[in-house]
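In what follows, a single structure is set out as C-alpha cells and then discussed.
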Amino acid sequence: MSRLFLGLPAPAKLNLFLHVIGRRPDGYHELQSLMVPISLADTLDFELRDDGVIARSGDVIGEVERDLCVRAARLLQQESGTAWGVDIAVEKRIPAGSGLGGGSSDAATTLLALNRLWRLNWPRERLAALALRLGADVPFFLGRGAAFAEGVGERLTAADWPPGWYALIYPQVAVSTAEIFSAPDLTRATNALTITAFSALRDNAARSGSTALIGANDLEPVAVRRYPGIAEAVAHLSRFGPARMTGSGSAVFAPMPSQAAAQDAVKDLPPGWQGWAVKSLPELPLAAW
C-alpha cells in the first residue's frame with residue numbers, strides 16, 4: 001500500500017465573469033460564472049498514518065482546525081469510517097483572500113489524494129457531494145477543467161474554453177467574501193445567461209482569439225468601493241488591456257496575447273504587490289485520477 005503522495009498540485013482559478021442573478025430564500029446567492037483553472041498552484045504532500053490522526057504542517061494561514069485541508073480530511077474520514085490518518089504538508093503560492101480559490105483547491109486535492117491513500121475508491125460524484133459541504137468552489141476543482149457554474153457555484157457544465165495567457169496581480173489585500181456578498185449595494189438582478197447564449201460567447205471567443213472580456217464581475221464595484229487597493233490594481237492592469245477582479249477579490253487579471261505580454265504587464269509593480277504571468281489550463285492536473 002502506498003504511504004506517500006508528494007508534490008500534488010492544487011491550482012488556482014479565475015472567474016472570467018461572475019454574475020449575481022438573484023438571492024435565494026436561504027440567503028445564498030444565485031450565480032453564473034465561467035471558471036477556468038490556471039497554472040499558479042499550491043503543492044501538497046501526503047503521508048499515511050495508521051493512528052487516525054490528521055496532522056497539518058507547512059504554510060498554515062489562521063487556525064489549523066479551520067484549515068480546509070484539515071476539514072476535508074476529517075469529513076472524509078468521518079463519512080468513510082476509515083481508521084487511517086494522514087500528515088498533510090502544504091506549500092502555499094496562492095494568496096489567501098484573493099478570490100483565486102486556493103483553499104478550495106487545496107481541499108479538493110486533499111479529497112482526491114486521501115481517496116487513493118486510504119483506498120476508499122469513491123467515485124468523483126460522491127466526493128463532489130462531500131466537497132460542497134466544504135465550500136461552493138470545491139466541487140469545481142474535482143472536475144476536469146473550465147466550467148460554466150450556476151447555483152451557488154455547484155452546478156457545473158464543462159466548457160471547452162480556449163486557453164490563453166493572463167497577467168495576474170495580487171495587491172496584498174485580503175477580502176472577506178461574506179462582507180462583499182452581504183453588502184446592501186451589491187447588484188443582485190443580472191439577467192441570466194442560457195447555456196445556448198453562453199455557448200455562443202464561447203464559440204465567438206474561440207473564433208476570434210480575442211483578449212476582450214465578456215460579461216462582468218458583479219462583485220467588483222462593491223469590492224473596489226471598500227478596498228482602494230483593488231481599484232489601483234485594476235487601473236494598473238488596464239494600461240495593458242481590459243482588466244477585471246476575480247471572485248470576490250482581491251486579485252485582478254487581464255487576458256494577454258502572449259506570455260511575454262503577460263510578463264510585461266506584471267513588471268514594476270508597487271512595493272508589496274505580487275504578480276504572475278499565468279496560463280489557463282485545458283485540464284485540471286488531477287483530472288485523470
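The values are calculated or read from the model by the stated rules, or taken from the named source; none is laboratory data. As the structure is a computational prediction, the values presented were derived from the model and not from experiment. Every residue, glycine as well, gets a Cβ built from its backbone with ideal geometry; the counts of neighbours run over all protein chains shown.
Overview of values
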read-out: Residue within region 99-112 that is within 18 Å of Pro123 (Cα to Cα), under 16 Å from the mean Cα position of the chain (by Cα) and free of Cβ contacts under 8 Å to residues at least 40 places away in the same chain present; value: yes
read-out: Matching residues in region 15-29 - criterion: being buried (at least 18 other Cβ atoms within 10 Å of the Cβ) and either in contact with a Gly (Cβ under 8 Å, 6 or more places away or on another chain) or among the acidic types (Asp, Glu) (or both); value: Asn15, Leu16, Phe17, Leu18, His19, His29
read-out: Matching residues, region 245-281, being assigned to a loop (DSSP other than H, G, I, E, B) and within 15 Å of the chain's Cα centre (by Cα); value: Thr246, Gly247, Ser248, Gly249, Ser250, Ala251, Leu281
read-out: Hits in region 165-176 (condition: crowded, with 16+ Cβ neighbours inside 10 Å and out of contact with any Pro (no Cβ under 6 Å at 6 or more places or on another chain)); value: Trp165, Ala167, Leu168, Ile169, Pro171, Gln172, Val173, Val175
read-out: Counted residues, region 94-115 - those being surrounded by fewer than 17 Cβ atoms within 10 Å (Cβ to Cβ) and either among the aromatic types (Phe, Trp, Tyr) or modelled with pLDDT of 95 or more (or both); value: 0
read-out: Arg56 being surrounded by fewer than 23 Cβ atoms within 10 Å (Cβ to Cβ), among the charged types (D, E, K, R) and closer than 30 Å to Leu201 by Cα; value: no
read-out: Some residue of region 247-264 being out of contact with any Asp or Glu (no Cβ under 8 Å at 6 or more places or on another chain), within 14 Å of Pro171 (Cβ to Cβ) and free of Cβ contacts under 8 Å to residues at least 40 places away in the same chain; value: no
